[in-house]
Each structure stands twice: as C-alpha cells, then as structure tokens.
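Student: Here it is, the structure, as structure tokens.
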Amino acid sequence: MKVLELKQVQREEGCIYFRRKFSAIAVVDILTKPTDISLNFIIETGPLGDKKIEVSDVKGEFNYPLLPIVKTLREYIRVADSQGQLPL
C-alpha cells in the first residue's frame, strides 16, 4: 500500500495558531488499485517543535484494514508538511 498523492487540500481557519486543520482527498494504491479516500487531519505543533498528526473521518470504498492506511497517511502528511507542500 502506498499513498500516491493528496489532492484538494483545504485548510480550515482556526483561532489557535499551533493547530492547523485540513480536509483532503488521498489517492492510495491499495492492492494495485488506486482508491480515493476522503479525510480530515490536524497538525499540532508542540512547544519544542515536535508535530503530532491526527487523521480522522477516513471515508472511502476500500477492503483493507484501516490502521495501516492511517499510519501510511500520517507519514505521508509528515513528509509533505516538512517539504512545504501543504497550504499555510
């Protein structure tokens, strides 16, 4: 399983500057079949600069366990954020 891309990434406005909320559609290659999965995620920056990523509302038509999908999405989001690919 591999995350191919995040598309339609939209940041939701919030009052807390260290907590960024997003909604997106992830294209995930599950068992050699690309599948669109809608999701919401939050990136929260701690006081020492560490980032915690919460993935929620994962919806889509896939016949695969959810935990590995969420773990792969978290890692992809972490890399995309460190490379500046997410909206500010």
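Student: Helix 66-82 sits at what angle to the longest principal axis of the chain, using alpha carbons and giving 0 to 90 degrees rounded to 10?
Tutor: Once rounded, the angle reads 50 degrees.
Student: What translational diffusion coefficient, to the nearest whole µm²/s, does the stretch 1-40 have by Stokes-Einstein, given a Kirkwood radius computed over alpha-carbon pairs, a temperature of 10 °C and 1.306 mPa s viscosity?
Tutor: Numbers: Rh = 11.2 Å.
So the translational diffusion coefficient is about 141 µm²/s.
Student: Continuing with the same structure: Per DSSP helix of 4 or more residues, -39500 (n - 2.57); summed, then divided by the residues of the chain. What does that give at 222 nm, rounded to the nearest 500?
Tutor: Working: 1 runs with 17 residues, N = 88.
One gets -6500 deg cm²/dmol as the mean residue ellipticity at 222 nm.
Student: Same structure again: Through the Karplus equation 6.51 cos²θ - 1.76 cosθ + 1.60, θ set to phi - 60°, convert the phi angles of the stretch 18-31 into ³J(HN,Hα) values in whole Hz; use x for Gly and Pro.
Tutor: Ordered by residue, 3J(HN,Hα) equals 9, 10, 10, 10, 9, 10, 7, 10, 9, 9, 10, 8, 10, 6 Hz.
Student: Further, regarding this structure: So which GluC sites (Glu not before Pro) in the stretch 2-88 end up in coil per DSSP with only 14 or fewer other C-beta atoms within 10 Å?
Tutor: Qualifying residues, ordered by number: E13, E61.
Student: Taking amide H positions as placed in the peptide plane 1.01 Å from N, state which residues far from L86 in sequence (5 or more) or on other chains have amide H under 5 Å from it.
Tutor: Those lying under 5 Å, H to H, from L86: there are none.
Student: Let me ask something else about it. Per the Debye formula with a single identical scatterer at each Cα and no solvent contribution, what log10 I(q)/I(0) holds for the chain at q = 0.12, 0.18 Å⁻¹?
Tutor: -0.35, -0.75
Student: Still on this model: What is the sum of charges around I37, taking Lys and Arg as +1, Asp and Glu as -1, for the other residues whose C-beta is under 14 Å from the C-beta of I37?
Tutor: For residues surrounding I37, the net value is +1.
Student: So what is the relative contact order for the chain, in percent, with contacts set as C-alpha pairs under 8 Å and at least six apart?
Tutor: 24
Student: Rolling a 1.4 Å sphere over the protein heavy atoms, what is the accessible area per residue of the chain, to the nearest Å²?
Tutor: Per-residue accessible area for the chain comes out at 69 Å².
The values are calculated or read from the model by the stated rules, or taken from the named source; none is laboratory data. Just so it is clear, the model here is predicted, and its values are computed rather than measured. When we count neighbours, we look across all protein chains shown, and the Cβ atoms used for this are built from the backbone with ideal geometry, even at glycine. For accessibility, only protein heavy atoms count, side chains too; no ligands or nucleic acids. Shrake-Rupley method; radii C 1.70, N 1.55, O 1.52, S 1.80 Å.
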